[in-house]
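Participant: One structure, pasted below without further comment.
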Amino acid sequence: MNKQEQEATSNASNTPQGDLVFTVNAEQVAEAIKESGCAVTAVDHDGVVRLHSASQGIGFQVLWGNALSAGEYVDLTLSCPLRVEGGTLPEGMLSDWHRSKRFARVAQHGDFVVLEMDVLVAGGVSPRHLTVMVQVWNQMMGQFFQYLRNFSQPAASAPSVAENAPEASLAAEASAEVATA
């Protein structure tokens, strides 16, 4: 083990539990989103704070997972729903994404394609981990939109994918075109 690895191991094992986050709330996640370079809007909906933001000019939202107590969660999902205009996506497009990428998944639900990434804090993570996970999410969004633009298919025309913005109020009017071969 080299000196750098020893320092990293030593620092990790000496981290007091007080420095770890075991649950997250809207304020902590909003701060992580801001630290990653994005604006964020908190909207109270029936007593639950919903967070909306945008990356790459496209809106995304935070979906809360398992609540440990009111407003405190052990996991969350970053979600970017996109409406498919002009039909369905080309065959193999989603499975090709899953074969080549990690961290974020894509699913088709009717007229929507949803890019999602789970963030888990159960067991404890550093506050910096939340910011890094949002940065990874921002990168995954950018890679997905580039993937949509550059995807080749044999058909003469392809549908476009446009942002679904009914809940993502910060999102700019944008669409990602699926490139044709």
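The values are calculated or read from the model by the stated rules, or taken from the named source; none is laboratory data. Because the structure is a prediction, the values reported are computed rather than measured. Virtual Cβ from ideal backbone geometry, glycine too; neighbours counted across all protein chains shown. Heads up: the accessible areas ignore ligands, DNA and RNA and are worked out on the full protein's heavy atoms, side chains in. Shrake-Rupley method; radii C 1.70, N 1.55, O 1.52, S 1.80 Å.
Participant: Among the residues of region 127-146, count how many are among the hydroxyl-bearing types (Ser, Thr, Tyr) and out of contact with any helix residue (DSSP H, G or I) (no Cβ under 6 Å at 6 or more places or on another chain). Give the derivation first.
Facilitator: Residues of region 127-146 among the hydroxyl-bearing types (Ser, Thr, Tyr): 131.
With out of contact with any helix residue (DSSP H, G or I) (no Cβ under 6 Å at 6 or more places or on another chain) added as a condition, the list becomes none.
Here the count works out to 0.
Participant: Taking the condition small (Gly, Ala, Ser) and either modelled with pLDDT of 85 or more or open to solvent by less than 80 Å² (accessible area, probe 1.4 Å) (or both), does SER69 pass? Break it down stepwise before answering.
Facilitator: Details: small (Gly, Ala, Ser): yes; either modelled with pLDDT of 85 or more or open to solvent by less than 80 Å² (accessible area, probe 1.4 Å) (or both): yes.
So SER69 fits the description; yes.
Participant: Hey, does region 117-140 have a residue that's open to solvent by 70 Å² or more (accessible area, probe 1.4 Å) and under 10 Å from the mean Cα position of the chain (by Cα)? Outline the logic, then answer.
Facilitator: Step one: of region 117-140, the residues open to solvent by 70 Å² or more (accessible area, probe 1.4 Å) are 118, 120, 127-128, 139.
When the remaining residues are screened for being under 10 Å from the mean Cα position of the chain (by Cα), the result is 118, 139.
Yes, region 117-140 contains at least one residue that is open to solvent by 70 Å² or more (accessible area, probe 1.4 Å) and under 10 Å from the mean Cα position of the chain (by Cα).
Participant: Also, I was wondering about something else. Quick one: which residue in SER55, SER79 is out of contact with any helix residue (DSSP H, G or I) (no Cβ under 9 Å at 6 or more places or on another chain) and either modelled with pLDDT of 95 or more or open to solvent by less than 30 Å² (accessible area, probe 1.4 Å) (or both)? Steps first, answer last, please.
Facilitator: On the way: SER55 fails: out of contact with any helix residue (DSSP H, G or I) (no Cβ under 9 Å at 6 or more places or on another chain).
From the options SER55, SER79, the qualifying one is SER79.
Participant: On to the next question. Among residues belonging to region 97-110 that are among the charged types (D, E, K, R) and surrounded by 14 or more Cβ atoms within 10 Å (Cβ to Cβ), point out the one that is nearest to SER79 (Cα to Cα).
Facilitator: Step one: of region 97-110, the residues among the charged types (D, E, K, R) are 99, 101-102, 105.
Next, only the ones that are surrounded by 14 or more Cβ atoms within 10 Å (Cβ to Cβ) stay: 101, 105.
On the way: LYS101: 16, ARG105: 10 Å.
Filtering region 97-110 for residues that are among the charged types (D, E, K, R) and surrounded by 14 or more Cβ atoms within 10 Å (Cβ to Cβ), the one nearest to SER79 (Cα to Cα) comes out as ARG105.
Participant: Okay, moving on. Condition first: modelled with pLDDT of 85 or more and on the phi > 0 side of the Ramachandran plot. Can you find one or more residues in region 124-144 that meet it?
Facilitator: So in region 124-144, the residues modelled with pLDDT of 85 or more come out as 124-144.
Narrowing the set further to residues that are on the phi > 0 side of the Ramachandran plot leaves 124.
There is at least one residue in region 124-144 that is modelled with pLDDT of 85 or more and on the phi > 0 side of the Ramachandran plot.
Participant: Would you mention how many residues in region 65-101 are assigned to a loop (DSSP other than H, G, I, E, B), of a type in the set (Asp, Glu) and in contact with a Phe, Trp or Tyr (Cβ under 8 Å, 6 or more places away or on another chain)? Break it down into steps so the answer makes sense when it comes.
Facilitator: Here is the first cut: in region 65-101, the ones assigned to a loop (DSSP other than H, G, I, E, B) are 65-66, 70-71, 74, 86-92, 101.
Subsequent filtering for residues that are of a type in the set (Asp, Glu) retains 91.
Then drop every residue that is not in contact with a Phe, Trp or Tyr (Cβ under 8 Å, 6 or more places away or on another chain), which leaves none.
Looking only at that region, the number is 0.
Participant: Cβ-Cβ distance below 7 Å, separation of 6 or more or different chains: which pairs start in region 124-153 with a residue that is closer than 15 Å to GLU31 by Cα and end on one that is open to solvent by 60 Å² or more (accessible area, probe 1.4 Å)?
Facilitator: Hits for this filter: SER126/ASP19; LEU130/GLN28; THR131/GLU35.
Participant: Just the residues that are closer than 27 Å to ALA70 by Cα, among the polar types (S, T, N, Q) and modelled with pLDDT under 60, please, taken from region 1-45. Can you show your working first?
Facilitator: Step one: filter region 1-45 for residues closer than 27 Å to ALA70 by Cα, giving 16-36, 38-45.
Filter again for among the polar types (S, T, N, Q), leaving 17, 23, 25, 28, 36, 41.
GLN17 - this is the single residue of region 1-45 that is closer than 27 Å to ALA70 by Cα, among the polar types (S, T, N, Q) and modelled with pLDDT under 60.
Participant: Identify all residues within region 102-132 that are assigned to a strand (DSSP E or B), under 25 Å from GLN146 (Cα atoms) and of a type in the set (A, V, I, L, M); write none if there are none. Outline the logic, then answer.
Facilitator: Within region 102-132, the first condition is being assigned to a strand (DSSP E or B), and the residues that meet it are 105-109, 112-120, 125.
Those left that are additionally under 25 Å from GLN146 (Cα atoms): 105-109, 112-119.
Passing the criteria: VAL106, ALA107, VAL113, VAL114, LEU115, MET117, VAL119.
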